Each structure stands twice: as structure tokens, then as C-alpha cells.
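**Student:** The structure follows.
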Amino acid sequence: MNWEIFLAPYTQAVDELKIKLKGMRKQFDYESRHSPIEFVTGRVKPITSIIEKAKRRNIAMANVEEEVQDIAGLRVVCPFVEDIYDIVDMLKLRKDFTIEEEKDYIEKNKDSGYRSYHVIIRYPVETIYGEKQLLAEIQIRTLAMNFWAINEHSLNYKYSGQIPTDIKQRLRSASEAAFRLDEEMSKIRQEIRDAQEVFRRKKD
């Protein structure tokens, strides 16, 4: 397989989707409204990670496009848990892609403590050979969930997916603490929004 040719449309998809998702945030700024989007990032999955995932799940290389759903990955990070579901509702209204699947790891988090909302979309990319429909994954999570997930990912990498039991337990405890933080911040979110609005007016 020529990986450069294979991944080029995914790189294009990530670049285009980052612009579109960041554009959603700017629209809230233009209207001086609270934005449910704190920031947006995106990446194309490294070749080694694609191969490892395919081997782990017994996916033939010929089926990678359909069965590895996160080759193109976007992450939307929000201030509050409620913002996550607002963003999901907005994504459902869009006409530039179709939603294939939703995975709610907030209502039912993974055993590790991982929390996030995943939306699998089918996105059309225009190539020199015409339109190509690609799968991409949009992960939506709070700042606290993102902090936890980044560190859990680093530990998984360090221990090659075999995190020691005591560290796993601490990670689960940290996940619960992060979620309690999100719950407490949600209770005062209107106060926070009001304070941000006062600050914005003073800055203007």
C-alpha cells in the first residue's frame, strides 16, 4: 500500500473539518454568545497505529477504510458537560456530512474511566478523481475529560497498553474526581457565563 496516497484524502478531511468546527465557535463569538466550543484539534492517525489497530482487531488491510473509523480524528473540547450535547445537536443539523454512529461514553463510561462522546461521520472529500466518502471520528469532551484522557493515553503508550493495576485504580479515581468537577462547574455555569460576559464587555 502507498500510504502517502492512501492518507492524503484523510489529511484533507481533517483540515477541512477543523476549519468548519472552528467556524462554529467563531459564529458564537460574532454574536457575543457563550460558545460551547473551547477549542478544536485534529489529526490523521499515524501509520503504525493504523497497522496495530488492524492487527489487534483482525481487520484485513483491504477493509481498513471501513473498519478503522478514526483514521481522521477531530476533537472538540467544551467548558461544560451540557455543551457536549448541544454540539451533538448542532452536528446533526449539518448537511455537509452524515452521521453514521454515536457512542456516548459519558452516560456510560469505559471501565478505565474514559469519558467522551464520539460521533462517527461520513464526510465527502473532493479529489482529482472525484468525490471520495471517508469515515471520520469527532470526539467531544470537557476540559477535565480531555486532561484525563491525554494522561491516560500517555500511560497506555508507556506501558504498551498494560498499565499496572495500582495506576489503573488511581486513574479510575481521577476520572471520578474529574467528573465531579464537571458536575460542580455545571451547577454554577450561568454565574461563570455572566462573569465571562462582563469581562468581554470590559475588553471591548
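**Student:** Just to be sure before I move on: is I51 within 29 Å of S186 (Cβ to Cβ) and either crowded, with 17+ Cβ neighbours inside 10 Å or among the β-branched types (V, I, T) (or both) in the structure I sent? Quick ask: steps written out before the conclusion?
**Tutor:** On the way: within 29 Å of S186 (Cβ to Cβ): no; either crowded, with 17+ Cβ neighbours inside 10 Å or among the β-branched types (V, I, T) (or both): yes.
So I51 fails the test.
**Student:** Here's another thing I want to ask about it. Scan segment 27-38 and give yes if some residue there is among the hydroxyl-bearing types (S, T, Y), part of a loop (DSSP other than H, G, I, E, B), open to solvent by less than 20 Å² (accessible area, probe 1.4 Å) and modelled with pLDDT under 95, otherwise no.
**Tutor:** Filtering segment 27-38 down to residues among the hydroxyl-bearing types (S, T, Y) leaves 30, 32, 35.
If we keep only those that are part of a loop (DSSP other than H, G, I, E, B) as well, we get 32, 35.
Adding the requirement that they be open to solvent by less than 20 Å² (accessible area, probe 1.4 Å) leaves 35.
Subsequent filtering for residues that are modelled with pLDDT under 95 retains 35.
Scanning segment 27-38, I find at least one residue that is among the hydroxyl-bearing types (S, T, Y), part of a loop (DSSP other than H, G, I, E, B), open to solvent by less than 20 Å² (accessible area, probe 1.4 Å) and modelled with pLDDT under 95, so the answer is yes.
**Student:** Given the condition within 20 Å of the chain's Cα centre (by Cα), part of a helix (DSSP H, G or I), under 23 Å from V40 (Cβ atoms) and of a type outside the set (K, R), answer yes or no: does some residue in segment 121-144 qualify?
**Tutor:** yes
**Student:** Condition first: in contact (Cβ under 8 Å) with a residue 60 or more places away in the chain and β-branched (V, I, T). Now tell me which residues in segment 136-194 satisfy that.
**Tutor:** I138, I140, T142, I192
**Student:** Looking at segment 162-178, which of the residues that are within 19 Å of R115 (Cβ to Cβ) and out of contact with any Ser or Thr (no Cβ under 9 Å at 6 or more places or on another chain) is surrounded by the most Cβ atoms within 10 Å (Cβ to Cβ)? Full working, then the answer.
**Tutor:** So the first thing to find is which residues in segment 162-178 are within 19 Å of R115 (Cβ to Cβ), and the list is 163, 167-178.
Filter once more, so that each one left must be out of contact with any Ser or Thr (no Cβ under 9 Å at 6 or more places or on another chain): 167, 169-170, 173-174, 176-177.
Numbers: I167: 13, Q169: 12, R170: 14, S173: 11, A174: 16, E176: 14, A177: 13.
That would be A174.
**Student:** So, of the residues in segment 54-104 that are among the acidic types (D, E), outside any helix (DSSP H, G or I) and surrounded by fewer than 19 Cβ atoms within 10 Å (Cβ to Cβ), which turns out to be farthest from the chain's Cα centre (by Cα)? Steps first, answer last, please.
**Tutor:** Step one: filter segment 54-104 for residues among the acidic types (D, E), giving 65-67, 70, 82-83, 86, 89, 96, 100-102, 104.
Still in the running and outside any helix (DSSP H, G or I): 70, 96, 100-102, 104.
Retained after the next criterion (residues that are surrounded by fewer than 19 Cβ atoms within 10 Å (Cβ to Cβ)): 96, 100-102, 104.
Values: D96: 18, E100: 15, E101: 14, E102: 12, D104: 12 Å.
By that ranking, first place goes to D96.
The values are calculated or read from the model by the stated rules, or taken from the named source; none is laboratory data. This is a predicted model, so every value here is computed, not measured. Backbone-built Cβ (ideal geometry, glycine too); neighbour counts: all protein chains shown. Ligands, DNA and RNA are excluded from the accessible area calculation, which covers all protein heavy atoms including side chains. Shrake-Rupley method; radii C 1.70, N 1.55, O 1.52, S 1.80 Å.
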